[in-house]
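Right, one structure below, let's go through it.
Nothing in this text is a laboratory measurement; each read-out follows from the coordinates by a stated rule. Everything quoted here is computed from the prediction, not taken from an experiment. Quick reminder, even Gly has a Cβ in these numbers, built from the backbone with ideal geometry, and neighbours come from all protein chains shown.
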Amino acid sequence: MRRRAVLLLVASLAGPAAAAGLPAPYAATVLQPAGVPDRYEFDLTAALQRAQAQNKRLYVYLGADDCPFCRKYEAFLAANAAALAPHFAKDYLVVDLRSTLKAQADRLRFRIGNQSWPYKEFMTRLGDERMRALVYPSVWLLDGQAKPLMQMPAGTGTFETVPEQLEILRLEN
């Protein structure tokens, strides 16, 4: 599969409710960060429980409301909703982490149950040793136990065609 690896390294993230996000046909569960402005923590617990109950995987999308590359990906999804949304709905619970570029990445956290990890530790927990910098947009595919399903490309240039997006959803390497 051909994927461009042009990455946008961003030094900041997260904030209160964002107007941007995944298009409506994807029926995303929207998560706002808790602890603002000191911590920007996204609690994935309820989404994981729901994915387990529905026997689905998680498609976790991290975008920023003021990120032009996120808007480009969201516009791609909107333009191709008829071709893509049914494939998302079949196997995935889509989770939209709403953020902005206003907080430093070291204040971004992910919670599952009673455990909370800073961004870098969360990436390590997912087995992603390739990058430590925050990259927009980011997507994680997780099973119902929050185990990563595949190493995901991130940043601008990813998922730019319907076949590429379908390969990701089918977990093809």
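In the range 26-173, a dipole from Cβ-located charges (positive for Lys and Arg, negative for Asp and Glu) runs towards its positive end, and of L166, Y40, Y26 it is Y40 whose Cα lies farthest in that direction. Taking the average, over residues, of other Cβ atoms within 10 Å as the packing measure, peptides 54-60, 111-117 rank 54-60, 111-117 from highest down. Our estimate of slack between D38 and T124, defined as 0.36 nm per intervening residue step minus the Cα-Cα distance, is 28.7 nm. Using 0.36 nm per residue and subtracting the Cα-Cα separation, the extra length available between Q145 and Q54 on full extension is 31.5 nm. Rounded if a/c is under 1.5, else prolate if a/b beats b/c, else oblate: with a ≥ b ≥ c from the C-alpha gyration tensor eigenvalues square-rooted, which is the range 12-163? Because its axes are fairly even, with a/c under 1.5, the range 12-163 counts as rounded. Computed from label points 7 Å out along Cα-Cβ, the spacing between R71 and A89 is 2.9 nm. If only the Cβ of Lys and Arg carry +1 and only the Cβ of Asp and Glu carry -1, the dipole of the range 12-163 around its Cα centre is close to 180 debye. Annotation: the antiparallel percentage among DSSP beta bridges lying fully within the range 12-163 is about 45. Is the C-alpha gyration tensor of the range 32-105 telling us rounded, prolate or oblate? Criteria: a/c under 1.5 is rounded; beyond that, a/b larger than b/c is prolate, otherwise oblate. Because a/c hits 1.5 or more and a/b fails to exceed b/c, the range 32-105 counts as oblate. Among 81-87, 163-169, 137-143, the peptide with the highest mean count of other Cβ atoms within 10 Å heads the list, and the full ranking is 137-143, 163-169, 81-87.
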